[in-house]
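Quick notes on the structure that follows.
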Amino acid sequence: MAPGSDLDHRGTPFTPRLLDDLLSAVRDLSTGRPRLGHVLLDEAEFSGDARIDDAHVTGVASFGGARFGGGVSCVGTRFEGDLRFGEAKVAHDAWFDGAEILGAAWFHTAEIAGALRFAVESIGGNAVFQDLGVGGDATFSGTEFLGIALFTGARIGGAAWFNGAAFRQDARFTKASLAHTAWFDGAWFDRDARFDSATMGGDASFHGAYFRQGAGFSGAEITGDAGFDGAEIHGTLAFRKAAFEKTAMLGPLAFAGTLDLSGAVFRSAVTIEAAARNIRCRRTRWSTTATLRLSHAEVDLTDAVLDFPVSVTGRPRPVVPDDGEESTGQDPTDPGVRLTSLRGVDAAQLALNEIDLTHCHFIGAVHLDQLGLEGRCPLPPPPEGWRWTRRRTLIEEHHWRATRYAASGWTPAPAGASIPQPTVLAPVYRQLRKALEDGRNEPGAADFYYGEMEMRRHDPESSRGERALLRLYWATSGYGLRATRALGWLLLAVTATVLAIMLWGLPQDDPKARSTGKVSGDSITLVTDTPDPAGPRGPYRGRVTAKRFEKSVRVVVNSVVFRSSGQQLSPIGTYVEMASRIVEPALLGLAALAVRSRVRR
């Protein structure tokens, strides 16, 4: 044996002394380090600890299927070829701290009963730790993985330390089982990072980590908190169908991509803090209470299942631009948190606070009458112009009206989307109205009542009589909600009535009582009566005088308040007054009702 010799002792039993003697025989006197060529110790059996520290292996180092009765230590060893520990079994700890591996590292299906310390400088090839079993902690802090890192199916009984590790290619932790806390603080993922179907028995800490192409936790099971404070994430962070067993905090997350929680299950009370471009919660299930504190995001809650109260709150936070770096100021044009869909949601347990509902789809949600709306939750207004009444509408009404008034400014539905009909929209408005009324927000509920009546007026399934009555109600007072419209009609009716009374209603002269008598024997019989008023005569100009105007105004004003003025009128004037005493008090009442709906507490 000499420095640089190959070592081929496959299947050989080793004692610690025999291994030391072997390494002494290949020690390079110039460096003081054992120097070996190829090291082939597959299925070798080591009765005690195996120490190959500070060695220099120029070829392949293979320990496939080897059995270590104690621990194994390769601290500071330089491996210029591959390091192969596939199917090896180590009874105690395995130490590789400070080692340098220029080739690949193969540890597939290896079993290490103790801890694994693999804080090496770098691994030049692929790092295959597939189905690795570690009984204690596994430490890869500061390791640079230049090839693909495969931890698929790995089982780590203690904590997993990857602080400051750098993954230059894909990092696969699919179906890995990490029994305790997984530390990835400051880790660097240049390519795809996959933790699909992984099991994390403790916290998952990614504080200050960097994800160039996002990360996937689909189907993962996370028991503790998942922290991403200060992490820089590009692309999508996916937790599709993940299960959060005892997670109390998810976040804070701040990035410009998509946070996908579709199909995820939260089995304990959780607080989610996130600022992202899109947040998908399709078919997400909250089995207990939850608080979502979100910023600058479009949120999709389609088919979400809320077994307990869930609150979604929009709050100001630094904007996350496209490059993923947080700015220091608030963008005044940012609309805040935008909810895009509540389809299929049981809203009885949902509370929204400071959420933009401009593009939210409500059709398909149930128990909207129990939806909690707090703070400012804007809805889309109608197009500008005198033709449309200013109110809060639903985006689904925009889609329907855009098919009827193509160039009027209503928002059209996306291509291929189904267009809701008034029959479907009316119950949605009704339930939202009740939700605001139960919350003592009567002025806000008035807009939803207006929308409900609009849909009933346009509903082709309603009878013609009902639609005609609703059209009259709309035209006269905006369904009892537009005081200016009712007052306008009242002013018009008063003006018309005054003119009619002045031109045809007041008699030419007020008739005077006349007495007639009859003498019969010694008695005299007197009869006093007032002749019927005679209609005015002469040209219309002569009938328009200040005196007749004052009398007409008195008659009309008394009619508005449902009183009689006592003024004698011509037959035409009598009928005009009767009509006035019916129409004008009704218009005054509608105006008062409209004012009351806007100022009611």
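No lab work stands behind these numbers, since they all come straight from the coordinates. Owing to the predicted nature of the structure, the values given are computational and were not obtained by experimental measurement. Here the Cβ is made from the backbone with ideal geometry for all residues, glycine too, and neighbour counts use every protein chain on show.
In degrees between 0 and 90, to the nearest 10, how far off the longest principal axis of the chain does helix 395-404 point, with axes built from Cα atoms?
Its long axis makes an angle of about 60 degrees.
What is the order of MET578, MET453, MET502, MET200, fewest Cβ neighbours within 10 Å to most?
Placing the least packed residue first, the sequence is MET578, MET453, MET502, MET200.
In µm²/s, what is D for segment 71-209 at 25 °C and 0.890 mPa s, where D = kT/(6 pi eta Rh) by Stokes-Einstein and Rh is the Kirkwood radius from Cα pairs?
Translational D for this selection: 172 µm²/s.
What translational D, rounded to a whole number of µm²/s, comes out for segment 193-290 from Stokes-Einstein when the hydrodynamic radius is the Kirkwood one over Cα pairs, at 20 °C and 1.002 mPa s?
Calculated translational D: 166 µm²/s.
Relative to the compact globular guide of 2.2 N^0.38 Å, what is the alpha carbon radius of gyration of segment 326-425, as a ratio?
For segment 326-425, the normalised Cα radius of gyration is 1.20.
Using the Cα centre of segment 75-374 as the reference point, and only Cβ charges (+1 on K/R, -1 on D/E), how large is the resulting charge dipole? Debye, rounded to the nearest 20.
My answer is approximately 720 debye.
Could you work out the helix-only [θ] at 222 nm for the chain, with each DSSP H run of four or more residues adding -39,500 (n - 2.57) and the total divided by the number of residues, to the nearest 500 deg cm²/dmol?
So the calculated ellipticity at 222 nm is -7500 deg cm²/dmol.
Rank the residues GLU397, GLU273, GLU121 as a footprinting-exposure proxy: fewest other Cβ atoms within 10 Å of their Cβ go first.
Ranking GLU397, GLU273, GLU121 by Cβ neighbours within 10 Å, fewest first, gives GLU121, GLU273, GLU397.
Report Rg/Rh for segment 75-374, rounded to two decimals, where Rg is the Cα radius of gyration and Rh the Kirkwood radius.
Here Rg/Rh amounts to 1.05.
Starting from the alpha-carbon convex hull of segment 1-88, give the projected area averaged over all orientations, in nm².
Mean projected area of the Cα convex hull: 4.7 nm².
Report Rg/Rh for segment 45-131, rounded to two decimals, where Rg is the Cα radius of gyration and Rh the Kirkwood radius.
0.92
Computed FRET efficiency, Cβ-Cβ of ALA269 and ARG191, R0 45 Å: what is it to the nearest 0.05?
The calculated FRET efficiency here is 0.80.
Rounded to the nearest 20 debye, what is the charge dipole size of segment 395-462 about its Cα centre when +1 sits on each Lys and Arg Cβ and -1 on each Asp and Glu Cβ?
Here segment 395-462 has a charge dipole of around 100 debye.
Which three extents, in whole angstrom, do the alpha-carbon atoms of segment 395-462 cover along their principal axes, largest first?
Over segment 395-462, Cα extents along the principal axes are 38, 25, 20 Å.
Principal axis lengths of the chain from Cα atoms, whole Å, largest first?
171, 40, 37
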